[in-house]
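Working notes for the structure below.
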Amino acid sequence: MHMPTSTLSGVDSGADRNPPINTLFVGNIPMSPPLGCTPGIIEDCLRELFQTRPGYEKLLFRQKRTGSMCYVEFKDVSSATKTIDELDGNALNGLAKDGDRIK
């Protein structure tokens, strides 16, 4: 998981030209649940993980042919940043692909 920011490609100004935003992106989520689990378990686990975080507003979960992804919106940048810091290394209760963790 990371906070989306961007810089101009090929330009190293020494500073990020776009400030952090209040929406987190969670990628590389498995397309299907582990064997023996219900189909909605991945989205449910993500929602359970994030909805208890201070400043949580909403979660948008999408499944694509190449995998699942999720956007989590918070009321402000500081809430999103605090969530990243506190959940760093979380393996999503074993649902993350190939040992991936929130980073």
Exercise. Counting only residues that are part of a loop (DSSP other than H, G, I, E, B) and surrounded by 12 or more Cβ atoms within 10 Å (Cβ to Cβ), which one in segment 5-33 is modelled with the highest pLDDT?
Worked result: N22
For this session: Please identify the pairs in which a residue from segment 78-90 that is of a type in the set (D, E, K, R) has its Cβ atom under 7 Å from the Cβ atom of a residue that is surrounded by 15 or more Cβ atoms within 10 Å (Cβ to Cβ), counting only partners at least 6 apart or on another chain.
Result: D88/I102
Seminar exercise, completed: For segment 49-62 the number of residues that are out of contact with any Ser or Thr (no Cβ under 8 Å at 6 or more places or on another chain) and either loosely packed, with under 12 Cβ neighbours inside 10 Å or in contact (Cβ under 8 Å) with a residue 60 or more places away in the chain (or both) is 2
Exercise. If you go through segment 61-76 one residue at a time, do you hit one that is assigned to a loop (DSSP other than H, G, I, E, B), at positive phi and modelled with pLDDT of 85 or more?
Worked result: no
Exercise. Do you know which of the residues in segment 77-99 that are outside any helix (DSSP H, G or I) and surrounded by 13 or more Cβ atoms within 10 Å (Cβ to Cβ) is modelled with the highest pLDDT?
Worked result: N90
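The values are calculated or read from the model by the stated rules, or taken from the named source; none is laboratory data. What you see is a predicted model; the values in this text were computed from it and never measured. In this analysis, Cβ positions are derived from the backbone assuming ideal geometry, glycine residues included, and neighbour counts consider all displayed protein chains.
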